[in-house]
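The values are calculated or read from the model by the stated rules, or taken from the named source; none is laboratory data. Everything numeric in this text was worked out from a predicted model, so none of it was measured. Quick reminder, even Gly has a Cβ in these numbers, built from the backbone with ideal geometry, and neighbours come from all protein chains shown. Heavy atoms of the whole protein, side chains included, go into the accessibility calculation; ligands, DNA and RNA do not. Shrake-Rupley method; radii C 1.70, N 1.55, O 1.52, S 1.80 Å.
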Amino acid sequence: MAAAGNQNLSVGRLVGKLLLTVAAMFGFGFAMVPLYDVFCEWTGLNGKTGGQVVYEADTADIDLARAVTVQFSATNNAGMAWEFRPLQNQVVVHPGELNEVKFYARNPTAARVIGQAVPSVSPSAGADFLHKTECFCFNQQVLEAGESIEMPVRFFVDKALPDDVHKLTLSYTLFDVTQNFAETAQGIAN
Amino acid sequence: MATGHAEHHHGPATGFTRWLYTTNHKDIGSMYLWFSFAMFLLGGVFALVIRAELFQPGLQFVDPNFFNQMTTMHGLVMVFGAVMPAFVGLANWMIPMMIGAPDMALPRMNNWSFWILPFAFTMLASTLFMEGGAPNFGWTFYAPLSTTYAPASVTFFIFAVHIMGASSIMGSINIIATIQNLRAPGMTYMKMPLFVWTWLITAYLLIAVMPVLAGVVTMMLFDIHFGTSFFSAAGGGDPVLFQHVFWFFGHPEVYIMILPAFGVVSEIIPTFSRKKLFGYDSMVYATSSIAFLSFIVWAHHMFTTGMPLAGELFFMYATMLIAVPTGVKVFNWITTMFRGSISFETPMLFAIAFVVLFTCGGFTGLMLAIAPADFQYHDTYFVVAHFHYVLVPGAVFSIMAAAYYWLPKWTGNMYDETLGKVHFWLSFVGINVLFFPQHFLGLSGMPRRIPDYALQFADFNMISSVGAFLFGFSQLLFMFIVLKTVMGGKKATAQVWEGAEGLEWTLPSPAPYHTFSTPPTVK
C-alpha cells in the first residue's frame with residue numbers, strides 16, 4: 001500500500017509540473033508578440049521604423065558631403081477608397097538635415113472614414129536610420145465625405161546610415177479602420 | 001490491493017455505457033483507433049473531392065470557394081483527426097503492455113481526453129453546413145486571411161482547435177506520467193521499447209507546442225471579436241508574426257506525427273528480421289536530437305517572407321542538420337535488416353515501404369531546405385508531394401503496419417495474410433501513382449491550393465487523380481480485413497510472430513481486459 005501511495009504522490013507531482021509547463025508555454029505564445037517587436041526593432045528587420053523622435057537642430061551636424069535619395073510610396077490597403085499619394089515622389093537629402101514632405105489624401109466616398117497609415121522602410125538595413133519627428137502615421141486620420149487633406153511628414157536621415165545605402169524608400173499603407181475604431185469606441189462606452 | 005484483486009475478475013461492462021464510462025486503456029485505445037479511422041475516411045472523401053476536381057483542367061464539380069474549404073478541411077481532419085489520434089490510440093493500447101503497467105497512470109482523464117474529440121470534430125465538420133461555408137483559408141490558417149477575410153464559421157474552427165489541443169495535452173500528460181512512474185521493476189529507461197521512447201519524446205513535444213497553438217488561435221479569436229490587432233497591420237500588429245507563432249507550433253507538430261512512426265518501425269523491423277534492433281542507444285539519441293532541432297527550424301516555412309540573409313542561412317543549416325539524426329535512424333533500420341532472416345508479412349512490407357518512401361520524402365525535404373532553391377519550390381505542388389510522402393507512406397503506413405502487427409494481440413485472431421498483402425500492394429502502387437507525379441507538377445510551377453490549372457499540367461494531374469482513387473478505395477479493403485479479423489480467424493499464439501520480443505508478447509492473445517495487475521520483473 002505504501003508503494004501505491006508513493007506512486008500516486010509522484011504521479012501527482014509530475015502532473016503538476018507538466019501542467020505548469022503547459023501554462024508557461026501558453027504564456028510563451030503570447031510573449032512571442034512583444035519579443036517579435038523587440039527583435040524587429042533591434043535588428044531593423046521587417047522595415048519597422050521607430051516612433052516619434054525629437055530633432056535637435058545643430059547645423060554643424062549636417063553631412064553636406066553625402067546625398068541620400070529618399071523615395072515615397074503610398075498604397076491603399078484592400079477596401080480603402082481614399083485617394084492617397086505623396087506630393088513629391090522623391091527628395092535628395094543630406095544626413096542630419098531636417099526635411100518636410102507632404103502626402104495628399106482625399107475621401108471620395110459619401111461617408112466619414114477613419115484611416116490609419118502604417119510606415120515601412122526599405123532596405124531594412126536602413127530602417128533604423130530614418131527618423132520621423134512628425135508623421136501623420138502617428139495618429140488616425142479622420143476625413144468627412146469629400147474632404148481632402150495635406151499631411152506633413154518631417155524626418156531626418158541619421159548620419160550613421162551605412163555607407164552602402166544610397167537610397168531609402170519610405171512607404172505607407174493606408175488602412176480603413178472605421179469599423180475597428182467604431183467598435184472600440186462602443187466597447188469603451190459599454 | 002484487495003480491490004485491485006477483485007477488479008481483476010471483472011470483465012468489461014456491456015452496452016454503450018461500457019465505452020462511455022470506460023477507464024480501461026485497451027477500450028480507450030480501441031476507441032481512438034476507430035475514431036481515427038473514421039476521420040481518415042472523412043478526410044479521404046475531402047481529398048477525393050480535390051482530386052476529382054483536378055482530374056481535368058477547368059472547373060467541373062465544385063466552385064473555387066468550396067475547393068478551398070476541401071483543402072482546408074482535408075488538412076485539418078487528417079492531421080488532428082486521423083494521424084494524431086491513431087498514434088494516441090496505439091500509445092494507449094501498447095505502452096502499458098510494453099512497460100508492464102496495469103493501465104495508464106490517469107485513467108479517468110484518459111476517458112475524458114478521448115470523449116471530447118468527437119465533439120471537436122463534429123463542431124469542425126458542422127461548419128460545412130453553415131452560412132458562408134467551412135474554413136477556406138488552408139490548414140495553416142494564415143492571418144489575416146483567417147481573421148479579417150474569414151467566413152463566420154472561423155469561430156467554431158477556433159473552438160474545435162482548442163478542444164483538440166486540450167485533448168492532446170491531456171493525452172500527453174497521461175503518457176508521460178505512465179512512462180515515468182509505472183514501468184515494471186527492472187525496466188530502466190534504456191531498456192524501454194523504442195515505441196515507448198519515441199512516444200515519451202513526442203508527448204513532451206506536444207506539451208511544449210500545443211499550448212502555443214492554443215495561444216495563436218486565441219489571438220485570432222481576439223482579433224476577430226474583441227478588436228485587438230495581433231495580426232492586423234492597421235492596428236500596429238503584424239501578419240508575419242502569425243506565421244512565426246504558427247510555425248513555432250507547426251514544425252514540432254510534424255515531428256509529433258512522425259516520431260511515433262519511427263517507434264513503430266523500430267519494433268517491426270527487428271521482429272521480421274529476427275535480429276535485435278541495430279544501434280538502440282543511437283536511436284534514442286537521434287530521436288531526442290530531432291525533437292530538439294524541431295524547435296529551431298520553424299522559419300524554413302517562411303523563407304520567402306523577406307527574412308535577412310543571416311536568418312535564411314541559420315534556418316537553412318539548422319534544417320539540413322536534421323538529416324543527420326534521421327540518417328542515423330534509416331541506416332540503423334537497414335543495418336537491422338542486413339543479414340537478418342527476413343520474412344515479408346504485411347507489417348514488414350509496410351515497414352520497409354515506410355523506410356524507402358519516408359526517405360524519399362526526407363530528400364525532397366532537404367531540397368526544400370535549401371533557401372535559394374526554396375524560392376522556386378515555395379507554395380508549389382513540390383511541397384505538396386514532399387509532405388504527403390512523409391505523412392502518407394510515412395506516418396499512415398506506419399499506423400497500418402502497427403495495426404497489422406498488433407491486431408492478433410488485440411483480437412486473438414490472425415488477419416488474412418493474402419488480403420493484407422493485396423491491401424499493401426494496392427496502397428503502395430496507389431500512393432506512388434498519386435504523389436510521385438506531383439513532384440514534376442511542382443517543379444514545373446503548378447501552385448498549391450488551386451481548383452484549376454494551366455493545360456500543360458493536365459497529364460500528370462490525371463495520373464495523380466487515378467492514383468488517389470486507387471489508394472482511397474483500397475482503404476475499404478483495410479476496413480474489411482480489420483473487421484474480418486475482429487469477427488474471427490485463425491487463433492493467434494501469445495508470441496504471434498516468431499521473432500517478436502517484448503512484454504506485450506508474453507501476454508495471451510487476445511490480451512485479457514486487465515493485464516500486469518502484478519508487475520512483471522524485467523531482467
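Some points to look at:
- Within chain B, the selection of entire DSSP H helices by a Cα span of 24 Å or greater along the long axis and an average Kyte-Doolittle value of at least 0.0 returns B:25-53, B:107-126, B:154-181, B:194-225, B:239-256, B:346-369, B:417-443, B:458-487.
- Cα-only Debye scattering, the range A:47-182: base-10 log of I(q)/I(0) at q = 0.09, 0.12, 0.17 Å⁻¹: -0.28, -0.48, -0.87
- Rounded to the nearest 20 debye, the dipole size of the protein assembly as shown about its Cα centre is 2780 debye, using +1 on the Cβ of Lys and Arg and -1 on the Cβ of Asp and Glu.
- Excluding ligands, DNA and RNA, the accessible surface per residue across the range B:376-426 is 26 Å² with a 1.4 Å probe.
- Burial ranking of peptide ranges B:127-133, B:279-285 (average Cβ count within 10 Å, highest at the top): B:279-285, B:127-133
- Chain B against chain A buries an accessible area of about 2600 Å², both chains summed, 1.4 Å probe radius.
- Under Karplus coefficients 6.51, -1.76 and 1.60, residue-wise ³J(HN,Hα) of the range B:133-147 in Hz, glycine/proline x: x, 6, x, 10, 9, x, 5, 7, 5, 4, 7, x, 4, 8, 10
- Diagonalising the gyration tensor over the Cα atoms of the range A:1-43 and scaling each eigenvalue by 5 before taking the square root yields semi-axes of 40, 7, 4 Å, largest first.
- Euclidean distance between Cα centres, the range B:349-399 to the range B:233-251, Å: 25
- Relative pair counts by distance (%), Cα atoms of the range B:478-517, 5 Å bins: 6, 20, 23, 21, 21, 9, 1
- Size descriptor, Kirkwood hydrodynamic radius, that averages inverse alpha-carbon separations across the protein assembly as shown, Å: 28.2
- Working note: Cα atoms of the range B:99-187, range along each principal axis, descending, whole Å: 57, 22, 13.
- Burial of accessible area (probe 1.4 Å, heavy atoms of protein chains only) in the range A:4-31, relative to its chain alone, reaches at least 30 Å² for A:Gln7, A:Val11, A:Leu14, A:Val15, A:Leu18, A:Val22, A:Met25, A:Phe26, A:Gly29, A:Phe30.
- The shape of the range B:294-414 can be summarised by an equivalent ellipsoid whose semi-axes, obtained from the alpha carbon gyration tensor, come to 35, 15, 12 Å from longest to shortest.
- Cα-based convex hull volume of the range B:184-303 per residue, rounded to whole Å³: 126
- Over all orientations, the range B:393-454 has a Cα convex hull whose mean projected area works out to 5.8 square nanometres.
- Accessible solvent surface per residue of the range B:154-256, calculated while the other protein chains remain in place, 1.4 angstrom probe, Å²: 23
- Cα centroid separation - the range B:24-87 against the range B:131-165, whole Å: 16
- Inter-site label distance for B:Phe159 and B:Val466 at 7 Å from Cα along Cβ, in nm: 4.7
- The C-alpha radius of gyration of the range B:425-523, expressed as a fraction of 2.2 N^0.38 Å, stands at 1.79.
- Max-minus-min Cα coordinates of the range B:1-102 on each principal axis give 70, 30, 17 Å, with the largest extent listed first.
- Summed over all non-identical Cα pairs, the Kirkwood treatment of the range B:266-336 gives a radius of 13.7 Å.
- Zone residues, the range B:483-523, relative to B:Ser341, backbone N less than 12 Å from point 7 Å out along Cα-to-Cβ: B:498-499
- Per-residue mean of C-beta atoms belonging to partner chains within 10 Å, peptide B:228-235: 5
- log₁₀ of I(q)/I(0) at q = 0.15, 0.26, 0.30 Å⁻¹ - the range B:200-240, Debye sum with one point per alpha carbon: -0.45, -0.80, -0.93
- Using a probe radius of 1.4 angstrom, the carbon and sulfur fraction of the accessible surface of the range A:1-43 is 73%.
- The length gained on full extension between B:Phe363 and B:Thr23, counted as 0.36 nm times the residue separation minus their Cα-Cα distance, comes to 118.2 nm.
- At least 20 Å² of accessible area lost relative to the chain alone, listed for the range B:188-220 with a 1.4 Å probe: B:Ile207, B:Ala208, B:Pro211, B:Val212, B:Gly215, B:Thr218, B:Met219
- Put the Cα centre of the range A:11-42 next to the Cα centre of the range B:183-218 and the gap is 18 Å.
- Cα-only radius of gyration and Dmax that characterise chain B, units Å: 22.7, 74
- Note that the range A:1-43 presents 66 Å² accessible area per residue, ligands and nucleic acids not counted, probe 1.4 Å.
- Per-pair calculated FRET efficiency, R0 = 30 Å: B:Lys191 and B:Ile334 via Cβ, rounded to 0.05: 0.80
- Carbon/sulfur fraction of accessible area - the range B:1-127, other protein chains in place, 1.4 Å, %: 71
- For B:Tyr389, the solvent-accessible surface with a 1.4 Å probe is about 0 Å², rounded to the nearest 10.
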